[in-house]
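Asker: Sharing a structure here in structure tokens format.
The values are calculated or read from the model by the stated rules, or taken from the named source; none is laboratory data. Treat the numbers as computed from the prediction; the structure is a model and nothing was measured. Heads up, the Cβs are rebuilt from the backbone with ideal geometry, glycines too, and the neighbour counts pull from every protein chain shown.
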Amino acid sequence: MTLPYLNPARVDALHAALARRILVIDGAMGTMVQGYRLEEADYRGARFADHGSDLKGNNDLLTLTRPDVIGAIHDAYLAAGADLIETNTFNSTTISQADYHLEPLARELNEAGARLARARCDAAEAATPEQPRFAIGVLGPTSRTASISPDVNDPGFRNTSFEELRVAYREAAGGLIDGGADLLMVETIFDTLNAKAALFAIEEEFDARGARVPVMISATITDLSGRTLSGQTTEAFYASVRHSRPLAVGLNCALGATELRQYVDMLAKVAECHVSAHPNAGLPNAFAEYDETPEQMAAALGEFARAGLVNFIGGCCGTTPAHIQAIATAVARVAPRALPASFAQAA
């Protein structure tokens, strides 16, 4: 049985926008957080002042302790022209929060992250009602991989399982939906088995609710070999997830736009759904910083658009509101990628 959408009006607005133009996703959250030069006390706030582990670097926690910072970052990307804002929930699973001994917070972090993003989208949309804004509930890859051993001396060892991932992703997805996310995105996928656990968990959550939201899927090509960390080519990755009938499949992170271009081209040739791309601002330099300017990145992604490769475009590591503004300008008058006749999204 095909499930109805949880909020049909929002989905209709999203599809109407996609039919007219290329939609712009926001840029990096971590890059922007670094600019605030926050200290341990900012991450702890009053609530976690006595927590027994260091919390600096747990950017997802800032949704609770410094919502002013995260809200301001959302606002900056919306002002730059982003149509879709990603929730600050990249590491908001029990698995990733275990690094900080904050596993019980996982659902709260997802719900709070979605509420904050949705509220900022509502405010921006009220000011520019001709441009609807959408909150993407982000499900990151977690800090573990189900396909590869973390111990080179024991290739059969795994530090997580499909079942553990399924449970963690189900909890996170439920929080994002309860917080008002318009759609979910399983992103920065380096291990397809992790992604399959996420997609399975999402469908479980949809079945339990008797309704769904659109789903996006975005893999990361980890280097110039053109493969994910778990060894799949772009085409093989798409074949592995197409059964879920996503709204969009795309690529993000790891590479800059120029390096990612050939793989987005491959995806655009085989995808029966919309295609997304949000690359890094070039490759990292010797100091792990990103040097590609907004103008350089916009020129590269503008060519993606003119070549008919994308329906969603945005930025990942190293990108800022200035990058997103330049990208939005570059694709503003370019038609979105035409969908194939076989397009069959989840209804």
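Asker: So for segment 276-285 (the condition being free of Cβ contacts under 8 Å to residues at least 24 places away in the same chain, of a type outside the set (Val, Ile, Thr) and assigned to a loop (DSSP other than H, G, I, E, B)), does at least one residue qualify?
Answerer: Yes, segment 276-285 has at least one match.
Asker: Please work out which residue is surrounded by the fewest Cβ atoms within 10 Å (Cβ to Cβ), limiting yourself to segment 36-58 and to residues that are out of contact with any His (no Cβ under 7 Å at 6 or more places or on another chain) and hydroxyl-bearing (Ser, Thr, Tyr).
Answerer: Filtering first and then ranking leaves Tyr36.
Asker: Going by what's in this entry, would Glu111 be described as buried (at least 20 other Cβ atoms within 10 Å of the Cβ), of a type in the set (D, E, K, R) and within 23 Å of Ser244 (Cβ to Cβ)?
Answerer: No, not satisfied.
Asker: Also: So Val138 fits all but one of (1) of a type in the set (Val, Ile, Thr); (2) at pLDDT below 95; (3) buried (at least 18 other Cβ atoms within 10 Å of the Cβ); what number is the exception?
Answerer: So the condition that Val138 fails would be (2).
Asker: Between a residue in segment 211-234 that is under 24 Å from Gly174 (Cα atoms) and any residue that is hydroxyl-bearing (Ser, Thr, Tyr) and part of a loop (DSSP other than H, G, I, E, B), which pairs come within a Cβ distance under 8 Å, given they are 6 or more apart or on different chains?
Answerer: The qualifying pairs are Ala219/Thr228.
Asker: Any idea how many residues of segment 242-263 are of a type in the set (Val, Ile, Thr) and surrounded by fewer than 24 Cβ atoms within 10 Å (Cβ to Cβ)?
Answerer: 1
Asker: Continuing with the same structure: Give the number of residues within segment 189-216 that are in contact with a Ser or Thr (Cβ under 7 Å, 6 or more places away or on another chain) and β-branched (Val, Ile, Thr).
Answerer: Number of matching residues: 3.
Listed here are the residues, each with its yes/no results for (1) farther than 24 Å from Arg44 by Cα; (2) surrounded by fewer than 22 Cβ atoms within 10 Å (Cβ to Cβ); (3) free of Cβ contacts under 8 Å to residues at least 24 places away in the same chain.
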| residue | (1), (2), (3) |
| --- | --- |
| Asp60 | no, no, no |
| Ile85 | yes, no, no |
| Thr93 | no, no, no |
| Ala106 | no, no, no |
| Asp122 | yes, yes, yes |
| Pro129 | yes, yes, yes |
| Ser161 | yes, yes, yes |
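Asker: Starting from residues that are within 30 Å of Ala211 (Cα to Cα) and β-branched (Val, Ile, Thr), keep the ones in segment 298-347 and report whichever is surrounded by the fewest Cβ atoms within 10 Å (Cβ to Cβ).
Answerer: That would be Val310.
Asker: Taking segment 321-347 only, how many residues are farther than 14 Å from Lys269 by Cα, at pLDDT 95 or above and either among the hydrophobic types (A, V, I, L, M, F, W, C) or in contact with a helix residue (DSSP H, G or I) (Cβ under 6 Å, 6 or more places away or on another chain) (or both)?
Answerer: The total comes to 12.
Asker: So is Ala271 crowded, with 18+ Cβ neighbours inside 10 Å and more than 23 Å from Gln325 (Cβ to Cβ) or not?
Answerer: Numbers: crowded, with 18+ Cβ neighbours inside 10 Å: yes; more than 23 Å from Gln325 (Cβ to Cβ): yes.
Considered against the rule, which asks whether it is crowded, with 18+ Cβ neighbours inside 10 Å and more than 23 Å from Gln325 (Cβ to Cβ), Ala271 comes out as yes.
Asker: Collect the residues in segment 132-145 that are assigned to a loop (DSSP other than H, G, I, E, B) and either within 24 Å of Thr160 (Cβ to Cβ) or touching a residue at least 60 places away in the same chain (Cβ under 8 Å) (or both), keeping them in residue-number order.
Answerer: If the condition is that a residue be assigned to a loop (DSSP other than H, G, I, E, B) and either within 24 Å of Thr160 (Cβ to Cβ) or touching a residue at least 60 places away in the same chain (Cβ under 8 Å) (or both), then Pro132, Gly140, Pro141, Thr142, Ser143, Arg144, Thr145 are the ones that fit.
Asker: Moving to a separate point now. Any residue at all in segment 314-324 that is in a helix (DSSP H, G or I), within 15 Å of Val249 (Cβ to Cβ), in contact (Cβ under 8 Å) with a residue 60 or more places away in the chain and not hydroxyl-bearing (Ser, Thr, Tyr)? Steps first, answer last, please.
Answerer: Here is the first cut: in segment 314-324, the ones in a helix (DSSP H, G or I) are 321-324.
Add one more test, that the residue is within 15 Å of Val249 (Cβ to Cβ), and what stays is none.
Checked segment 314-324: no residue is in a helix (DSSP H, G or I), within 15 Å of Val249 (Cβ to Cβ), in contact (Cβ under 8 Å) with a residue 60 or more places away in the chain and not hydroxyl-bearing (Ser, Thr, Tyr).
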